[in-house]
Structures are given as C-alpha cells and as structure tokens.
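Engineer: The structure is given below, and queries will be raised subsequently.
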Amino acid sequence: RRFPLKTLPSTTHRHETIRQRIAPVGDPSPLTCLMPERGYLNTYPYNYLDELAPEIVEEDFEALVIENEFLRATVVPRLGCRLFSLFDKLAGREVFARPDPILPMPILLRGAFIPLGLEFNFPCGHSVFAMESMPCTFFDPGSGAAGIRIRAWNAVSGIDTTVEIVLR
C-alpha cells in the first residue's frame, strides 16, 4: 500500500524595514588602525570606529528575511550582515539575545562592537566588518529552500569569504 508524501510548505524570502533603538556610531576616524597602544590590533587599511554617541535614537534598518514554518531568520546589512534575529516560531521566542536599545561598545578590532545575533568571524576573533554595511543577497538553493548570501573581502588578510544562511 502506498501512502501519499506530505509536502512541506516552501520557505519565503522578503525585504523588511526594522525600527530599532540604537546609540549610533559616528563616522570612521581619519586614523587607520596602526596604534596598538590604543588597545586595537593592526587592521590597516580600515579606520577606527570609536566615536560612540551617548544618545539613543530610533532608526530604520533594511533587513533580509527568510522564513519557513519553524524559523524566521533576519539579516541586517548595515549592522555587519550578522544573523540579527532567529525567531523560533514553535516556541514563540527569539533564539539569540536582542538588546533594546543596541549599545555599541569600544572593544572590537576597530572599536565599535554590538553584542547581538550571530557574527560571522574569520580569520580571527571578530570581523573588521562588524559595524559596516556589507553586500548580501537572496539566492535560491533549490528544493523549495531560501537563502541569504553574504560576501566579504578582508583587505587585512586578503581572504574572500562567503557565508550562506539557508532555511529548508
């Protein structure tokens, strides 16, 4: 006897605008990261991001969202293309801590760092792109899945990195 196969719903993808309270990071310093006495590693040719605003503002952020019946994954290009949010639809809650407001701290290779989501770090502890806008796009991995592809070329290490987030 044959039983019909249950078909799972496909994943979806969409652009979204997220309104978030954040203490903004100022413009990059004119100084490149060549001064280890400031507590940073040499990350030349990238500049310091150590102008951290004391006030909190509400900002709109473009986001890429992929979703299936179990999870909703959100990537925010302007915040280093980290996996900003992973929402467990069955449990009805965020998987990662998501502070509100977002308060950047001066602890990263170039200064500003935000402790949220999932940051893709390679080849060392934190990425030089943690607070940079990065290119990312949707892609179709096939079989009804949806994906977000993030690409970065690191001028310090010379490494070209691709990260793919896929929901089946």
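Engineer: Work out Dmax and Rg for the range 82-122 from the C-alpha atoms and quote the Rg first, both in angstrom.
Structural biologist: Reported Rg and Dmax, both Å: 12.1, 38.
Engineer: In the chain, if the dipole is taken from +1 on Lys/Arg beta carbons and -1 on Asp/Glu beta carbons about the Cα centre, which of PRO99, ALA53, PRO141 is farthest to the positive end?
Structural biologist: So the residue we want is PRO141.
Engineer: On to the next question. Just to be sure I understand: with springs between alpha-carbon atoms less than 10 Å apart, which residue in GLY142, GLY111, GLY26 has the highest mean-square fluctuation in the Gaussian network model of the chain?
Structural biologist: Result for the chain, Cα springs under 10 Å: GLY142 fluctuates most.
Engineer: Also, I was wondering about something else. Given DSSP loops and a limit of at most 12 other Cβ atoms within 10 Å, what is the longest stretch of the chain that contains no such GluC sites (Glu not before Pro)?
Structural biologist: Counting only loop sites that pass the neighbour cut-off, the longest clear stretch is 70-168.
Engineer: For P(r) over Cα pairs in 5 Å bins from 0, in percent, the choices are (i) 2, 8, 15, 19, 18, 14, 10, 6, 4, 2, 1, 1, 1, 0, 0; (ii) 1, 7, 10, 14, 13, 9, 6, 6, 6, 6, 6, 6, 4, 2, 1, 0, 0; (iii) 1, 7, 12, 14, 14, 12, 8, 5, 4, 3, 3, 3, 3, 3, 2, 2, 1, 1, 1, 0; which was calculated from the structure?
Structural biologist: (i)
Engineer: In addition: Can you compute the charge dipole magnitude of the chain about its Cα centre, using +1 on each Lys and Arg Cβ and -1 on each Asp and Glu Cβ, nothing else charged? Give it in debye, rounded to the nearest 20.
Structural biologist: With only Lys, Arg, Asp and Glu charged at Cβ, the dipole is about 1000 debye.
Engineer: Just the number, please: percent antiparallel of the DSSP beta bridges in the chain, rounded to the nearest 5.
Structural biologist: Around 95 percent antiparallel, to the nearest 5.
Engineer: Trypsin sites (Lys or Arg not before Pro), restricted to the range 41-98: which are DSSP loop and have at most 15 other Cβ atoms within 10 Å?
Structural biologist: Those that pass, being in a loop and sparsely packed, are LYS89.
Engineer: Can you tell me, using C-alpha contacts under 8 Å and at least 6 residues apart, the relative contact order of the range 71-142 as a whole percent?
Structural biologist: Once divided by the residue count of the range 71-142, the mean separation gives 33 percent.
Readers should treat all values here as calculations from the given coordinates under stated rules, not as data from a laboratory. What you are looking at is a predicted structure, and each value in this text was computed from that prediction instead of being measured. Here the Cβ is made from the backbone with ideal geometry for all residues, glycine too, and neighbour counts use every protein chain on show.
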